[in-house]
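The values are calculated or read from the model by the stated rules, or taken from the named source; none is laboratory data. Every value quoted in this text rests on a predicted model; they were computed, and no experiment measured them. Please note: Cβ atoms are built from the backbone with ideal geometry, for glycine as well, and neighbour counts cover all protein chains shown.
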Amino acid sequence: MFGGGGMNPRKMKQMMKQMGIDVEELDAERVVIETADGDDLVFDGAQVTKMDAQGQETYQIVGSPDAVADAGGAAAVEGGADASVIEAEDAADEDDGIPEEDVRLVAEQAGVSKDDAREALEAANGEPARAISDLQ
């Protein structure tokens, strides 16, 4: 019954306005979420909606993170210059055919550097589970 699955969008908008809820689509180019563990989520081209309900602002991000940057390492994203570091990593990633997310997974799970994780993945023919097992 709830959720307005079959409700007319115009009627939904009118009801939200009556309840004092303002919804605004933001023209965001990049969204960075800095996490406590240091792995920042970077969304390029995500759909961002701001909802103001009785003075309480809520932001909704729809999309997938294009990169997970380690805030303490070389791939930290805080401006345009650092984005080139991620692009360079992705370019290096294409040379050996090992996805960067696999390198990050192995490094995190085995507690090793990304370079060590990449070497283990190369030795394990790109199989993350085998690389993690070999490193432990």
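The table below gives the values:
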read-out: Residue list for segment 9-18, filter: farther than 16 Å from Lys50 by Cβ and surrounded by 10 or more Cβ atoms within 10 Å (Cβ to Cβ); value: Lys11, Met12, Gln14, Met15
read-out: Search result, residues across segment 100-110 that are over 20 Å from the mean Cα position of the chain (by Cα) and at pLDDT 85 or above; value: none
read-out: Criterion violated by Ser84 - all others in (1) touching a helix residue (DSSP H, G or I) at 6+ places or on another chain (Cβ under 9 Å); (2) at pLDDT below 85 satisfied; value: (1)
read-out: Cross-chain or 6+ apart pairs with Cβ under 6 Å, segment 5-22 first and touching a residue at least 24 places away in the same chain (Cβ under 8 Å), then of a type outside the set (Asp, Glu); value: Gly20/Gln54; Ile21/Ala53
read-out: Residues (surrounded by fewer than 12 Cβ atoms within 10 Å (Cβ to Cβ) and among the hydrophobic types (A, V, I, L, M, F, W, C)) located in segment 34-51; value: Ala36
read-out: Options Asp115, Asp90, Asp95; residue that is out of contact with any Ser or Thr (no Cβ under 9 Å at 6 or more places or on another chain) and at pLDDT 85 or above; value: Asp115
